[in-house]
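Okay, so here's the structure we're looking at.
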Amino acid sequence: MVDKSFYLAKNDVTLAQAAEVMSATLCAKERGGEIIGDIATMGSATEADICFFYDRKSKEKAAAIKAKACVTTAALQEFVPPHVAVLLSDNPKEAFIKLNEFMYAEKKAAPQIDASAKIAATAKIGKDCTIGAYAVIGENVEIGDNCIIGANTVIGHDCRIGNNCRIDNNVSIDYSIIGNNCYIFTGARIGQDGFGFQLINGQHHRIPQLGRVIIGNDVEVGANACIDRGALDDTVIGDGSRIDNLVQIAHNDKIGRGCVIVSQVGIAGSCTLGDYVVLGGQVGLADHLNIGSGVQIAAQSGVMRDIEAGAVVMGSPCVPFKDFMRQVAFLQKNSKK
């Protein structure tokens with residue numbers, strides 16, 4: 001159930017309106033005027049709510065749905081109780097997003113710059129921006145229109161941030177250029193030194209990190225994630241990529257478009273990922289690897305070699321998924337002897 005004290009909520013949304021928003025078909029047209037109370041899960045929905053049913057594995061749970069309405073597919077419709085109004089959708093997950101965005105929105109304060117924020121005289125701040133308490137904006141920084149800069153966030157000199165970006169509280173950004181429509185979550189560290197040292201006469205000497213971080217458009221960087229700047233070449237994050245909390249991306253890495261990198265992944269330096277690569281939680285990549293477009297790497301895998309485009313791999317060291325499952329079956333069979 002949605003706690004409406006935290007969100008702006010539309011009231012009096014009818015089933016007919018919901019169907020239109022989701023591009024769904026309401027089977028019982030006569031029920032189109034009924035009001036939706038809330039969006040809820042199948043198990044928690046009350047007689048006033050709407051829920052979503054898209055996984056055949058949940059068909060036994062579907063029989064117990066108490067909701068006013070359920071969004072599902074034609075293939076799953078038969079499992080929904082007769083008292084529930086059915087809205088048919090080819091893609092209930094997409095329909096959920098559309099209805100969620102229609103019914104709820106985050107509460108946002110009017111654009112303002114807090115009096116305690118420290119903004120360099122040479123910084124350029126776009127129209128309708130919000131800058132939180134004790135934020136620090138360095139010399140020659142450029143921030144586009146409609147941006148939100150959270151409390152205690154520090155943006156170092158000469159950084160550039162596009163339009164419609166949200167930088168949450170306690171973020172630090174240095175040596176970086178960030179595109180439009182990006183969301184940097186709380187505590188992220190972008191543009192810090194890469195981890196580069198040379199052993200000279202028994203001492204580790206820091207290698208100067210002279211590159212930048214370049215983040216494309218429509219990128220999300222999760223809470224407490226770290227993206228190091230390059231040594232000479234830039235660290236690059238492609239358009240539309242999604243980086244989860246607690247991810248480490250090292251210097252000189254190149255992440256393609258639309259990649260999904262799940263929590264606690266560690267990518268060593270100078271790796272290149274193609275477009276739409278998926279890295280499961282706690283995946284580790286050795287340095288200087290090339291990962292082809294469309295690769296999927298399962299959680300907790302260790303990657304020490306290049307991977308060709310489209311491969312699905314698992315294990316440490318990782319192998320093709322089918323090979324991994326055969327290894328597991330072999331071990332299970334032979335460990336019983």
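The table for this structure:
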{"read-out": "From phi via Karplus (6.51, -1.76, 1.60), per-residue ³J(HN,Hα) for the range 151-158 in Hz, x at Gly/Pro", "value": "4, 6, 7, 10, 10, x, 3, 6"}
{"read-out": "Hz values of 3J(HN,Hα) by residue in the range 224-236 - Karplus curve (6.51, -1.76, 1.60), Gly and Pro given as x", "value": "6, 6, 10, 10, 7, 6, x, 6, 10, 5, 7, 8, 10"}
{"read-out": "Cα gyration tensor shape of the chain, rounded if a/c is under 1.5, else prolate or oblate by comparing a/b with b/c", "value": "oblate"}
{"read-out": "Mean Cβ count within 10 Å, highest first, over the residues of peptides 213-220, 22-29", "value": "213-220, 22-29"}
{"read-out": "By average C-beta atoms within 10 angstrom, highest first, the peptides 128-135, 96-103", "value": "128-135, 96-103"}
{"read-out": "Neighbour-count order for Leu331, Leu285, fewest beta carbons within 10 angstrom listed first", "value": "Leu331, Leu285"}
{"read-out": "³J(HN,Hα) computed for each position of the range 38-52 - Karplus, 6.51 cos²θ - 1.76 cosθ + 1.60, integer Hz, glycine/proline x", "value": "6, 9, 8, 6, 4, x, 9, 5, 9, 5, 9, 9, 10, 10, 10"}
{"read-out": "DSSP-defined beta bridges in the chain - what % are antiparallel, rounded to 5", "value": "15 percent"}
{"read-out": "Helical contribution to [θ] at 222 nm, DSSP H n ≥ 4, -39,500 (n - 2.57), averaged over the chain, rounded to 500", "value": "-3000 deg cm²/dmol"}
{"read-out": "Sorted peptide list for 9-18, 155-164, criterion being average Cβ within 10 angstrom, highest first", "value": "155-164, 9-18"}
{"read-out": "Relative intensity, log₁₀ I(q)/I(0), of the range 16-109 from a Debye sum that treats every alpha carbon as a point, q = 0.13, 0.14, 0.23 Å⁻¹", "value": "-0.38, -0.44, -1.20"}
{"read-out": "Burial ordering of Ser241, Ser263, fewest other beta-carbon atoms within 10 Å first", "value": "Ser263, Ser241"}
{"read-out": "Phe6 paired with Arg56, simple spin-label distance in nm, labels 7 Å along Cα-to-beta-carbon", "value": "3.5 nm"}
{"read-out": "Listed residue pairs exceeding 23 Å between alpha carbons, taken from Lys57/Lys93; Lys4/Lys68; Lys59/Lys322; Lys68/Lys107; Lys57/Lys336", "value": "Lys59/Lys322; Lys68/Lys107; Lys57/Lys336"}
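Every number in this text was worked out from the coordinates using simple rules, so none of it is lab data. Because the structure is predicted, anything quoted here is derived from the model rather than measured. In this analysis, Cβ positions are derived from the backbone assuming ideal geometry, glycine residues included, and neighbour counts consider all displayed protein chains.
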